[in-house]
Amino acid sequence: MTARVLIVDDHPLTREALGSLLAANGFDVAGQAGGALEAIELAERLRPGLIVLDLTMPDMDGLEALPRLRDAAPEAEIVVLTASEDDGNLLAAIRGGAAGYLLKSEPPERIVGFLRGVTRGEVALSGQVARRLLEQVREGDRGASAVPESIAAALSARELEVLLLLDQHLGTEEIAKRLIISEHTVRSHVKSLLAKLGVSSRREALEKLGSARG
C-alpha cells in the first residue's frame, strides 16, 4: 500500500526536493506545509499515514507541534527530519511519540529507506543518533534523574529541559539557542512550568527544585 505523506518544513526548496524524491520512489505526497499551524490543519484534513517533520519553523517549535499533529492524524507515523543533532531534541522527540529522528545530512537513498521502514512499523534513527540514544539509555538519562520525581512528574519533557537549563543559570536567549527554539517559545515554557510548580518566578522555581533535591 502506498504511503500518503505530509512534508512539513519551512524551506520551500527542501520541501520540493524531498517531495520529488519521495514521489519518485513510490510515495504519495499528499501535501506540504511551511509551518506548524498549516501542517496541523492539513494533517486533520488529509489524514496522511506518514508525516515528515522539521523542528525549526517560524510559527511553532516542531516538538510542540508533534503532539498536536498526533491528535490531528492519530494514524500517522511522524518522523523528524532535521539538521539538529542536539540530544535534548532527540530525547524530546522520542518521548513525544516520534517514530524516527533522521538528520538531513543522510544520503537521499537512506532517507527513503528509513521512511519505507517506518511504513512497515520500524523505527528510523540515523546512525549517530542511534548511538547517542543508546548512550543516554546506558547513562540512565542523567538530566532527568537530576530532578526529583515530585517535580519531574508535573512537567512535560520540554519543560523539564528548560528547567534544567535554568538550573545551569542560562538566560532566555541562551536556552533558545541550545534547544533551537524561539525566545518566545522559551518564555511560554517558563510560564507554563512556573504555573505547574505553583511559583511566580524563575528564582522560586529553582529554590523549589533545590528543596526537592534535599
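The values are calculated or read from the model by the stated rules, or taken from the named source; none is laboratory data. What you see is a predicted model, and the numbers here were worked out from it, not measured in a lab. Positions of Cβ are backbone-derived with ideal geometry, glycine not excepted, and every protein chain shown enters the neighbour counts. The area values use the complete protein model at the heavy-atom level, side chains included, leaving out ligands, DNA and RNA. Shrake-Rupley method; radii C 1.70, N 1.55, O 1.52, S 1.80 Å.
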Counting pairs of alpha carbon atoms under 8 Å apart in space and at least six apart in sequence, what relative contact order in percent does the chain give?
14
Principal-axis tilt of helix 108-119 within the chain, Cα atoms, nearest 10 degrees
80
Between residue 31 and residues 5 or more places away or on another chain, which pairs have amide H atoms under 5 Å apart, with H built 1.01 Å from N, and which residues are they?
5, 7
FRET efficiency for residue 10 and residue 195 from the Cβ-Cβ distance with R0 = 30 Å, rounded to 0.05, comes out at 0.50
For the chain, shape from the Cα gyration tensor axes a ≥ b ≥ c, cut at a/c of 1.5 then a/b versus b/c, turns out prolate
Farthest towards the positive end of the dipole of the chain, among 163, 124, 147 and with Cβ unit charges of +1 on Lys and Arg and -1 on Asp and Glu, lies the Cα of 147
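Which trypsin sites (Lys or Arg not before Pro) in the stretch 33-139 pass both tests, a DSSP loop state and at most 13 other beta-carbon atoms within 10 Å?
Passing sites in the stretch 33-139 are 120.
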Estimated distance in nm for a label pair at residue 21 and residue 2, the labels positioned 7 Å out from Cα along Cα-to-Cβ:
2.0
In degrees, nearest 10, range 0 to 90: what is the angle between the Cα axis of helix 62-72 and the longest Cα principal axis of the chain?
60
Length added when fully stretched, residue 45-residue 75, from 0.36 nm per residue minus Cα-Cα:
9.5 nm
Relative contact order of the stretch 42-113, pairs being alpha-carbon contacts under 8 Å that are 6 or more residues apart, as %:
31
Prolate/oblate/rounded label for the stretch 10-136 (Cα gyration tensor, a/c 1.5):
rounded
Ignoring ligands, DNA and RNA, what accessible area per residue does the chain give at 1.4 Å, in Å²?
49
Ignoring ligands, DNA and RNA, please state the percent of accessible area on the chain from carbon and sulfur, probe 1.4 Å.
52
Where does helix 183-197 land angle-wise versus the long Cα axis of the chain, in degrees 0 to 90, nearest 10?
50
With a Förster distance of 30 angstrom and the Cβ-Cβ distance between residue 86 and residue 153, calculated FRET efficiency to the nearest 0.05 equals 0.80
